[in-house]
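What follows is a set of notes on a single structure, which appears directly below.
Read the figures in this text as sums done on the coordinates, not as results from a lab. These numbers come from a predicted model, not from an experiment. As a convention, Cβ positions derive from the backbone with ideal geometry for all residues, glycine included, and neighbour counts pool all protein chains shown.
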Amino acid sequence: MSAAHASASPAPPPLDLSRWRNLPNVLIAAGAAGALLGLLLRPVQFGYSWLVAFMFFLSLGLGALFLVMVHHLFDAGWSVPHRRFCEHLANLVFPWLLVFFLPIALLAPRLYGWMQVADPHTDHALHAKLPLFTKPGFYLVAALCFAIWTWLARGLRAASLAQDLDGAARHTYRMRRLAAGGIFLFAITLTLAAILWMKGLMYEWFSTMYGVYYFAGSVWMTLGTVYFITMVLARNGTLTAVLHEHQFYFLGSLMFAFTVFYAYIHFSQYFIIWNANLPEETFWYVLREKGTWWYVGLALIFGHFFLPFLAMLRIDLKLSFAWMTPICAWTWVMHYVDMAFNVHPTLHPDGYPFQWAWLDLACAALMGGLLAKAFLRDFAAHPPFPLKDPRLHEAMGIILVHPSPISGGDLDEVDELNHAPETNGGGR
């Protein structure tokens, strides 16, 4: 980026974040009080509310881990500036999300009906899922999932921070190797977690698309989070020097793509089950057409697909802070509703338990406040972006051309990768 071009760009209006400084503490205090009250009043309801919040925030950690691995798998340049805070989001898996899983592990015999079946061999649906759907299998899979996620998240961030010190190529190669093998382990463990911890609430149900369904929604919500954090860091000057217009366009385009991908997966799952018309599959959707669950399903159809799809059709709107901020917040609302749509009908088949909505919010507030503090602590402790990534200049919209063997000469710096106007976050 040329100095003249950068100086011509209007400076973005700074954001005053001081007013939000105590928000995590408020969320923790209010959430802890509400969650404790719910645990004392009705432990089973607390377990389901806690599970909704856990699966929601697990989506954020796993979605960020996926984005980091994809960055290395494709040797991407544009995603360098936001890779560092994605690494911090991925590392929330350990120890925080592991700690949050402990209440689910303790309450599991009361939450999962298959754990109460005396003889699994007498239940066809349960017998077909052995030995996975056993108590030892449940806890062993949980330990395996968290071990793999922790190894991948910690390993990728450790190599990234080591790269900041000397810029050696071996760190880049290490991250690529971790991503190349880790993407397969990620797919397997995410699928196992979604099936055992959420789909397993109704173990009789069969679906081969459920893991992809959870994955699509998780990445969609994570992309909205990454877009918002990137925009905030651009507005307060933290990432301004290393950002180009195309970061926001690509993030918005990925959000748009996963909006369609999620809708495709969910519709395909529904259509195949509806077309086959097998009772052991259709009952899951039939239950969710009763009472207020029907309206929750409609909210997902229009709110999870049509609204964001239409809102992000125009290219220029993907670059507007005022326009994209509510869409990013909307991804959180819709993904949380989606998690409740998957979990709560097990205990409340006639409709969403509005009388316990406060407990849902309390559990989410407690987890969200603690995770926010952990993320902010990690972000403050390390450089905000990879300092010596070999593609950092590409993220900034600069091409470095090596001297030709014929003409010789020094390394030339060529201006922007494309001719899009350089604003560095200005005017958004």
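Considering only alpha-carbon pairs that sit under 8 angstrom and 6 or more positions apart, the relative contact order computed for the chain is 33 percent. Classified by the C-alpha gyration tensor, the stretch 185-260 has a prolate form. Its axis ratio a/c, with a ≥ b ≥ c, is 1.5 or above, and a/b is larger than b/c. Close amide H contacts of Leu239 (hydrogens built in the peptide plane, cut-off under 5 Å, sequence separation of 5 or more or a different chain): Ala234. Fewest-first ordering of Val226, Val286 by other beta carbons within 10 Å of each residue's beta carbon gives Val286, Val226. Across the stretch 215-308, C-alpha contacts under 8 Å between residues 6 or more apart give a mean separation that, scaled by the residue count, equals a relative contact order of 31 percent.
Decide, for the stretch 262-320, between rounded, prolate and oblate: order the square roots of the alpha carbon gyration tensor eigenvalues as a ≥ b ≥ c, take rounded if a/c falls under 1.5, and otherwise choose prolate if a/b is larger than b/c, else oblate. Taking the square roots of the gyration eigenvalues as a ≥ b ≥ c, the stretch 262-320 is oblate.
Need one word for the stretch 79-186: rounded, prolate or oblate. Basis is the Cα gyration tensor (sqrt eigenvalues a ≥ b ≥ c); a/c below 1.5 gives rounded, then a/b vs b/c decides.
In terms of gyration-tensor shape, prolate.
In the set (i) 106, 52, 52; (ii) 80, 45, 40; (iii) 65, 49, 40, the label that goes with Cα extents along the principal axes in Å computed for this structure is (ii). To the nearest 10 degrees, how steep is helix 321-343 against the longest Cα principal axis of the chain, on a 0 to 90 scale? Approximately 20 degrees, to the nearest ten. Amide H to amide H, with H built 1.01 Å from N, Leu132 comes under 5 Å of no residue 5 or more places away or on another chain. By the count of neighbouring beta-carbon atoms within 10 Å, fewest first, Lys135, Lys129 end up ordered Lys135, Lys129.
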